[in-house]
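K.L.:
This is the structure I have questions about; it appears just below.
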Amino acid sequence: MNTKISILCFAGSLRKGSYNKALLRAAMEVIPADAQLEIFDLEGIPLFNQDMENQPPEKVKEFKAKIRAADAILIATPEYNYSIPGVLKNAIDTASRPYGDNAFDGKPVAIMGASVGMLGTARAQYHLRQSLVFLNLYPLNQPEVMVPLAQEKIDQNGRVTDQKTREKIKELLEALVIWTRKLKKA
Ligand SMILES: Cc1cc2nc3c(=O)[nH]c(=O)nc-3n(C[C@H](O)[C@H](O)[C@H](O)COP(=O)(O)O)c2cc1C
């Protein structure tokens, strides 16, 4: 039996009722047997100030350590004004610094996203991919999990009720585990 693939995941939203946090909880429920998943909350990561990058607070140290310890990363991004939210960009910038200490270096990563609009974070996801490439992560290409009209697929309790969406998340996790094992062998 292969050792379990550990996946660290986070959502680019601080909102309690976040649809993107709901996607991560659904991922917890459909995780393949040979993988484990931990959700990290970005609440408490301060706004990045390069003057302070050599004295990171505990929350940032913890974030970077968890990224490094994980075999793979999963990001659930909202779409804000056709791009990724500042909260997510700030967290990514923070964990990539100081120069030469990029916690993401070489990690496989999968992305997904939910929005109330018709395109289900498509525009934000392509912006996110661009930053991930620069940080030398290895983004998974397929499947693309873009969840439009999230208000119709996630209930009042923050549970993903739409069966197709749950299936897509499952496929994404399965593909991420295969991708991660391939990269580990390389
Ligand atoms: C500042 C802001 C900008 C937004 N821009 C977009 C957008 O460009 N496209 C879109 O589909 N939804 C947009 N929305 C709506 C989000 O899809 C919606 O707020 C969603 O619930 C955010 O994700 P969350 O539930 O995980 O917090 C925007 C919302 C905010 C607050």
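K.L.:
Keeping to segment 141-186, report how many residues are among the hydrophobic types (A, V, I, L, M, F, W, C), more than 13 Å from residue 19 (Cα to Cα) and buried (at least 19 other Cβ atoms within 10 Å of the Cβ). Step through it out loud before you land on a result.
P.N.:
First, pick out the residues of segment 141-186 that are among the hydrophobic types (A, V, I, L, M, F, W, C): 145-147, 149-150, 154, 160, 169, 172-173, 175-179, 183, 186.
From what is left, the residues that are more than 13 Å from residue 19 (Cα to Cα) are 145, 169, 172-173, 175-179, 183, 186.
In the following step, the residues that additionally are buried (at least 19 other Cβ atoms within 10 Å of the Cβ) were identified as 145, 169, 172-173, 176-177, 179.
Result for segment 141-186: 7.
K.L.:
Does segment 47-66 hold any residues that are in a loop (DSSP other than H, G, I, E, B) and in contact (Cβ under 8 Å) with a residue 40 or more places away in the chain, and which are they?
P.N.:
Within segment 47-66, 47, 48, 53, 54 meet the criteria.
K.L.:
On to the next question. Taking only segment 18-32 into account, find how many residues are within 17 Å of residue 175 (Cβ to Cβ) and either polar (S, T, N, Q) or within 12 Å of the ligand (Cβ to nearest atom) (or both).
P.N.:
2
K.L.:
Follow-up. Looking at segment 31-45 only, could you name the residues that are assigned to a loop (DSSP other than H, G, I, E, B) and either among the polar types (S, T, N, Q) or in contact (Cβ under 8 Å) with a residue 40 or more places away in the chain (or both)?
P.N.:
Selection gives 31, 32, 34, 42, 45.
K.L.:
Which residue pairs have Cβ atoms closer than 9 Å, lie 6 or more positions apart in sequence or on different chains, and pair a first residue in segment 164-186 that is modelled with pLDDT under 95 with a second residue that is not in a helix (DSSP H, G or I)?
P.N.:
184/5; 184/71; 184/108
K.L.:
I'd like to verify a number: residues in segment 1-17 that are under 16 Å from the mean Cα position of the chain (by Cα) and either assigned to a loop (DSSP other than H, G, I, E, B) or within 16 Å of the ligand (Cβ to nearest atom) (or both), how many? Please lay out each step first, then the result.
P.N.:
So in segment 1-17, the residues under 16 Å from the mean Cα position of the chain (by Cα) come out as 5-15.
Next cut, either assigned to a loop (DSSP other than H, G, I, E, B) or within 16 Å of the ligand (Cβ to nearest atom) (or both) only: 9-15.
Counting residues in segment 1-17 that are under 16 Å from the mean Cα position of the chain (by Cα) and either assigned to a loop (DSSP other than H, G, I, E, B) or within 16 Å of the ligand (Cβ to nearest atom) (or both) gives 7.
K.L.:
Now for a separate question. Wholly within segment 83-186, which helices (runs of 4 or more DSSP H) include no fewer than the required count, namely at least 1 residues that are over 19 Å from residue 9 (Cβ atoms) and away from the ligand (no atom under 14 Å from the Cβ)? It would help to see each step written out before you state the result.
P.N.:
Working: elements: 86-95, 122-134, 163-185.
Once the helices (runs of 4 or more DSSP H) in segment 83-186 are filtered for at least 1 residues that are over 19 Å from residue 9 (Cβ atoms) and away from the ligand (no atom under 14 Å from the Cβ), what remains is 122-134, 163-185.
K.L.:
Would you be able to say whether some residue in segment 56-70 is crowded, with 20+ Cβ neighbours inside 10 Å and of a type in the set (Gly, Ala, Ser)?
P.N.:
yes
The values are calculated or read from the model by the stated rules, or taken from the named source; none is laboratory data. The structure presented is a predicted model; accordingly, all values stated were derived computationally and were not measured. Because the Cβ atoms are built from the backbone with ideal geometry, glycine has one as well, and the counts that use them run over all protein chains shown.
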